[in-house]
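Everything below concerns the one structure shown next.
The values are calculated or read from the model by the stated rules, or taken from the named source; none is laboratory data. Computed from a predicted structure; not experimentally measured. Because the Cβ atoms are built from the backbone with ideal geometry, glycine has one as well, and the counts that use them run over all protein chains shown.
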Amino acid sequence: MSEPHLVDLAQASVRELNAALHALPAETNERHWQVRNPGGRHALAAGLTAPVTVEIFGHAGYYCAGMNQAASVVVHGNAGTGLAENMMSGRVHVRGDASQSAGASAHGGMLLIEGNAAARCGISLKGADIVVKGGVGHLSAFMAQAGTLTVLGDAGESLGDSIYEAHLYVRGQIASLGADCIEKPMRDANRAELFGKLSEAGLAGEVDVSEFRRYGSARTLYRFHVDHAASY
């Protein structure tokens, strides 16, 4: 196996890093990249379209791995606002904590956060799968349309506010549910789905699906109704 391609951001710029990654063809042999001294810089490994693995050793700033497509991005540290924003496919794995709006508008792929995620995790989720080993902040899964959010820890206030058809699985306590979000029964299909997401995240052996509760849309806000006017 060839040695990883090393980029030291103490010497190179983020623009140079991303330009090199964007120039890679789909059939590239340079499939393993390591980024040293990220120093919390923004937009690291953003907009990738090649099936490569990028390991970032240190903390990342805003919009790390944004618009990811096909790549695997691992952050050995914490990540700032907008992690994996608008991700289309691939995998993003943060070994620390993530700031607000992690996985915002993500269409596909998996986002795994080993620590905690701040407010609005999975806001406007459109089909990706998000797994958080810690807890999530307030308004997580706000207006989430499709995909799954699995939280092994606790969830903050207004979870799933104005949710559409995303599936939420929470093992810990919930401060409050948002407008139109309710607890739903865990059926066999839901248990199978949850087990699949935990397995994909490498966590199936750590927790049992029976420890989770499921939440989703009550579907009362799909059309305006005067009785629900205060909830809009």
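For the structure I just gave you, tell me whether GLY127 is within 20 Å of SER162 (Cα to Cα) and in contact with a Gly (Cβ under 7 Å, 6 or more places away or on another chain). The answer is yes for GLY127. When GLU55, GLU85 are checked against the criterion of being assigned to a loop (DSSP other than H, G, I, E, B) and among the acidic types (Asp, Glu), GLU85 stands alone in meeting it. Does region 80-93 contain any residue that is over 12 Å from the mean Cα position of the chain (by Cα) and touching a residue at least 40 places away in the same chain (Cβ under 8 Å)? Looking through region 80-93, at least one residue is over 12 Å from the mean Cα position of the chain (by Cα) and touching a residue at least 40 places away in the same chain (Cβ under 8 Å). List the number of the failed condition for ALA98; all other conditions in (1) on the phi < 0 side of the Ramachandran plot; (2) crowded, with 22+ Cβ neighbours inside 10 Å; (3) touching a Lys or Arg at 6+ places or on another chain (Cβ under 7 Å) hold. All conditions pass for ALA98, except number (3). Do we find that GLY122 is part of a loop (DSSP other than H, G, I, E, B) and crowded, with 23+ Cβ neighbours inside 10 Å in this structure? Spelling it out, GLY122 is indeed part of a loop (DSSP other than H, G, I, E, B) and crowded, with 23+ Cβ neighbours inside 10 Å.
For a quick check of your reading of the model, give me the residue pairs whose first member lies in region 35-63 and is within 14 Å of ASN18 (Cα to Cα) and touching a residue at least 12 places away in the same chain (Cβ under 8 Å), whose second is buried (at least 19 other Cβ atoms within 10 Å of the Cβ) and of a type in the set (S, T, N, Q), with beta-carbon atoms closer than 6 Å and at least 6 apart or on different chains. Going by the 6 Å Cβ cut-off, the qualifying pairs are LEU48/ASN68; THR53/SER72.
Just checking: which of the strands (runs of 3 or more DSSP E) contained wholly in region 136-213 hold 3 or more residues that are under 23 Å from GLY108 (Cβ atoms)?
Working: elements: 146-151, 167-170, 181-184.
Strands (runs of 3 or more DSSP E) meeting the threshold: 146-151, 167-170.
Mind checking which residues of region 149-172 are β-branched (Val, Ile, Thr) and under 18 Å from LYS133 (Cβ atoms)?
THR150, VAL151, VAL170
Please specify each residue of region 176-209 satisfying the condition of being farther than 26 Å from VAL92 by Cβ and at pLDDT 95 or above.
Pass one, region 176-209, residues farther than 26 Å from VAL92 by Cβ: 176-177, 179-180, 182-189.
SER176, LEU177, ILE182, GLU183, LYS184, PRO185, MET186, ARG187, ASP188, ALA189, listed by residue number.
How about region 124-176: which of its residues are β-branched (Val, Ile, Thr) and within 15 Å of GLY103 (Cβ to Cβ)? Passing the criteria: ILE130, VAL131, VAL132, VAL136, THR148, THR150, VAL151, ILE163.
Quick check: is even one residue across region 117-138 more than 30 Å from PRO4 (Cβ to Cβ) and in contact with an Asp or Glu (Cβ under 7 Å, 6 or more places away or on another chain)? Yes; the residues of region 117-138 include at least one that is more than 30 Å from PRO4 (Cβ to Cβ) and in contact with an Asp or Glu (Cβ under 7 Å, 6 or more places away or on another chain).
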